[in-house]
1. Starting from the stretch 435-451, keep only residues that are at pLDDT below 65, then list their pairs with residues that are aromatic (Phe, Trp, Tyr) whose Cβ atoms are within a distance under 7 Å, requiring at least 6 positions of separation or different chains.
2. Is there any pair with a first residue in the stretch 227-250 that is touching a residue at least 24 places away in the same chain (Cβ under 8 Å) and a second that is open to solvent by 70 Å² or more (accessible area, probe 1.4 Å) and of a type in the set (A, V, I, L, M, F, W, C) whose Cβ atoms are under 9 Å apart and which are 6 or more apart or on different chains, and what are they?
3. Out of everything in the stretch 405-422 that is in contact (Cβ under 8 Å) with a residue 40 or more places away in the chain and surrounded by 12 or more Cβ atoms within 10 Å (Cβ to Cβ), what residue ends up being nearest to residue 447 (Cα to Cα)?
4. Which residue is nearest to residue 59 (Cα to Cα), if the candidates are limited to the stretch 119-147 and must be modelled with pLDDT under 90, among the aliphatic types (A, V, I, L, M) and part of a loop (DSSP other than H, G, I, E, B)?
5. Which one of these is open to solvent by less than 70 Å² (accessible area, probe 1.4 Å), more than 19 Å from residue 147 (Cα to Cα) and either out of contact with any strand residue (DSSP E or B) (no Cβ under 6 Å at 6 or more places or on another chain) or at pLDDT 90 or above (or both): 383, 396?
6. Could you list all residues from the stretch 174-188 that are open to solvent by 50 Å² or more (accessible area, probe 1.4 Å) and in a strand (DSSP E or B)?
7. If you check residue 142 against the conditions, is it open to solvent by 30 Å² or more (accessible area, probe 1.4 Å), over 20 Å from residue 272 (Cα atoms) and not β-branched (Val, Ile, Thr)?
8. Of the numbered conditions (1) open to solvent by 40 Å² or more (accessible area, probe 1.4 Å); (2) under 18 Å from residue 299 (Cα atoms); (3) in contact with a Gly (Cβ under 9 Å, 6 or more places away or on another chain); (4) outside any loop (DSSP other than H, G, I, E, B), residue 201 fails exactly one; give the number of that condition.
Amino acid sequence: MLEENKATANGCGKIRRGIRNEAALLALMEKTGYSMIQENGQRKFGGPPPGWEGPPPPRGCEVFVGKIPRDMYEDELVPVFERAGKIYEFRLMMEFSGENRGYAFVMYTTKEEAQLAIKILNNYEIRPGKFIGVCVSLDNCRLFIGAIPKEKKKEEILNEMKKVTEGVVDVIVYPNATDKTKNRGFAFVEYESHRAAAMARRRLIPGTLQLWGHTIQVDWADPEKEVDEETMQRVKVLYVRNLMISTTEDTIKAEFSKFKPGVVERVKKLRDYAFVHFFHREDAVAAMSVMNGKCIDGATIEVTLAKPVNRESTWKHHFNGHISPGPENLLGFPNKEDGHQKSLGKPASLPVHLNGQHSPGPAEAERCTYPFFPGIKLTPISMYSLKSSHFSSAAMHLDYFCNKNNWTPPEYYLYSTTSQDGKVLLVYKVLIPSIADGSQNYFMPDKLCTTVEGAKELAAQFTLLHL
């Protein structure tokens, strides 16, 4: 009887709280003029707000909010987030029970407001002892499609993707490094929205659909890191893509100096792309306008401003084999945002000893430990079924990348020499036998290490950079 009375009391308490919450939400809607609807496990406040005209705000205006108390709702949350600026849409994820799911997405009308929200509300104490996390929401609209026949042209790939998925905006295809008449075996497909990309990814999951008689690979493309406009206004380095392997740095410098002699400081070429450094930004911008789309040694080049590299993790590598344009780098491996989990933590930097000195190394994946209770069910899996964000070392990334491209695992061959002061110095040569497109299949860095682990990591980094 006592238990029944408790249950009845709890039920009445929930009803009273529900009535109070409903009244608070109605008061919020009346005060702001915003509408509110609940669908597909989320409650949308606004989107658009009253009186809004024109398209929704551009990408970069949305933030992800985590660690929200489960019994907190829009009537308390919206006034907090309005401190940073005008809210276009507030999406609170909801449970069937009526509680929230602990996270939400807030879209502001401008990027500046979103950045301010991150600055003033990340780690904000929203209730005594309860701190929320706020970070940029990466609304990924791009898919990576691998195992595409190399003879397919951009138009063919675009038409095929439009046939099998909806909302396709564009397809980005890169020419093969050694044969410009072929593609590299993969493409990036841009969709009109994150939802369209997510639906396409679900439809294209391997095993459910074949294209051109092939089973394709599908994953979220790594979203490009946003660089603020103020930083980009200082860039005086150009990123040049689609060069011939045989094209030399001297040739590139000569071509970019034709419109105005003496403006190029230096050129750094890596395989079929290069970074062209200018003494002055205005000359870099002028050269970009003149040279984009020009032919060098028979190849039509693409020229853009290089994006500065994050100094905390110099060298960015995308799992699909494409290096983010950034001058003067050492390869690092930040956690991959795969379009699902929005991590609030920042990975720690793992220093690696190279040539006896500390050098910026791969960003170490955030390490978390959880208790292992007796009776927990374990399922055997292959490492290749994981996401690339589960790997923190370059060697593991290289092995994963080879598997993704249906290549045989890399083979490491160790060599040594002795330094002038008598130290044993080591270097690995990496061989990937299954690269059969005529490009180089062995790689050896131009630096020596004092440890086996350091030598292997450096060799793997060097190989990933040149693939």
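The values are calculated or read from the model by the stated rules, or taken from the named source; none is laboratory data. These numbers were taken from a predicted model, which means no experiment stands behind them. Don't worry about glycine lacking a Cβ; one is built from the backbone with ideal geometry, like all the others, and counts go over all protein chains shown. Heavy atoms of the whole protein, side chains included, go into the accessibility calculation; ligands, DNA and RNA do not. Shrake-Rupley method; radii C 1.70, N 1.55, O 1.52, S 1.80 Å.
1. Cβ pairs passing all conditions: 435/407.
2. Note: pairs meeting the criteria are 236/279.
3. Step one: list which residues in the stretch 405-422 are in contact (Cβ under 8 Å) with a residue 40 or more places away in the chain, which gives 405-406, 410, 412, 414.
Imposing the further condition that a residue be surrounded by 12 or more Cβ atoms within 10 Å (Cβ to Cβ) reduces the set to 405, 410, 412, 414.
Details: 405: 27, 410: 19, 412: 16, 414: 13 Å.
The residue in question is 414.
4. 138
5. The unique qualifying residue is 383.
6. Scanning the stretch 174-188 gives a single hit, 184.
7. Details: open to solvent by 30 Å² or more (accessible area, probe 1.4 Å): yes; over 20 Å from residue 272 (Cα atoms): yes; not β-branched (Val, Ile, Thr): yes.
Against the criterion (open to solvent by 30 Å² or more (accessible area, probe 1.4 Å), over 20 Å from residue 272 (Cα atoms) and not β-branched (Val, Ile, Thr)), residue 142 qualifies.
8. Residue 201 satisfies all of (1) open to solvent by 40 Å² or more (accessible area, probe 1.4 Å); (2) under 18 Å from residue 299 (Cα atoms); (3) in contact with a Gly (Cβ under 9 Å, 6 or more places away or on another chain); (4) outside any loop (DSSP other than H, G, I, E, B) except (2).
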